[in-house]
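A quick write-up on the structure given underneath.
Here, each number is a calculation from the coordinates, and none is a lab measurement. Here the structure is a predicted model, which is why all the values come from computation and not from measurement. All Cβ positions, glycine included, derive from the backbone under ideal geometry; neighbour counts span all protein chains shown.
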Amino acid sequence: MPDLDTTLHLEMLHSFRQEKIPLWVAARRGYAPRSELERAVGSGALAAEPGPNGSRILSVADLERRYGRPRGDIFGMDWGDPETVEPLQFIKRHYLLPLIKPEFTAVEIGPGGGRWTQYLTAMQKLYVVDFYPEMLAELGRRYNAPNIIKIINNGDDFPGIGAAEVDFLFSFDVFVHFELPLIEAYLRNMQPILKPGATAFIHYSDKTKIMGARNKSFGINDPSQMRELVSRCGYEIVEEDTTTMWHSSIVIFRKP
């Protein structure tokens, strides 16, 4: 796993946020069905430039003017839409939504483009924390409500969040890339900001699964190591899910 100074994450964002994209990418992101895009290009209603291997390149600005911004334009949606991908639908319904209360103050670590943030905005206050300013700027393309507070951290801390202020902490598709020492630093730095009884939801790498073992960007972790680490850092495990995801697992724990 690259360390936090890697440009990998920003390269992925820059690759996603291109001003011009192939027609097939526009269809996959959901601007319009491919047949509709083909018709618009064929009629001249949508300009296209020739691309490699016979592809047609469309302007994102033109697509947005004609079709608006689809859900697939949220950075991170390539890894699955919680509204349509069955395992993510289950996680949203069974774990996440029951933990969201409108009176809560919450933290999301690594919000990306807002794939999960969209559900967390229902809470009174939401801190979104990331190491990369560019990622928080990307989130701001869609989510800039007054109850959302963006925080740039130093890789494992929570600057500006008050002591015992947080009722709920959530992170998905972030800790899968972390090695155990970084996870431990986060777990210890969570302690001061969590209220007694506060709940945390962490999605992490599971190298006991073949897809996790083969993913070179995933940190070395598994349920037994994560369980031991969470307990050693002073938390009580509420629930674990080691089966829903094909390359990772989930732990939900509470500060006593």
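Tell me, what is the Rg over Rh of segment 106-174, with Rh the Kirkwood radius over Cα pairs?
Dividing the radius of gyration by the Kirkwood radius yields 0.91.
Would you mind telling me the antiparallel percentage of the DSSP bridges in segment 1-143, rounded to 5?
Once the DSSP bridges in segment 1-143 are tallied, antiparallel ones form about 50 percent.
Rounded to whole Å and sorted largest first, list the principal axis extents of the Cα atoms in segment 18-72.
Cα spread of segment 18-72 along its principal axes, largest to smallest: 27, 23, 17 Å.
Pick from 50, 196, 22 the residue whose mean-square fluctuation is largest in a GNM of the chain, springs joining Cα atoms under 10 Å.
Comparing 50, 196, 22 in the GNM, the peak value goes to 50.
What nm distance separates the two modelled labels at residue 59 and residue 173, each placed 7 Å from Cα along Cα→Cβ?
2.9 nm
Cα-based Rg of segment 52-144 per 2.2 N^0.38 Å, rounded to two decimals?
1.27
Which three extents, in whole angstrom, do the alpha-carbon atoms of segment 117-242 cover along their principal axes, largest first?
Sorted from largest, the Cα extents of segment 117-242 read 42, 32, 25 Å.
Tally the DSSP beta bridges in the chain and give the antiparallel ones as a percent, rounded to 5.
Approximately 45 percent, going by the DSSP bridge assignments.
Amide H of residue 248 versus every other amide H placed in the peptide plane: which residues, excluding those fewer than 5 positions away on the same chain, fall under 5 Å?
Counting only residues 5 or more places away or on other chains, the set is 206.
Where q = 0.14, 0.25, 0.30, 0.31 Å⁻¹, what log10 of I(q)/I(0) comes from the Debye formula for segment 183-231, counting one point per Cα?
Per q value, in the given order, log10 I(q)/I(0) is -0.42, -0.97, -1.18, -1.21.
What are the semi-axes of the equivalent ellipsoid of the chain, taken as the square roots of 5 times the eigenvalues of the Cα gyration tensor, listed largest first and rounded to whole Å?
Listed largest to smallest, the semi-axes of the chain are 36, 20, 17 Å.
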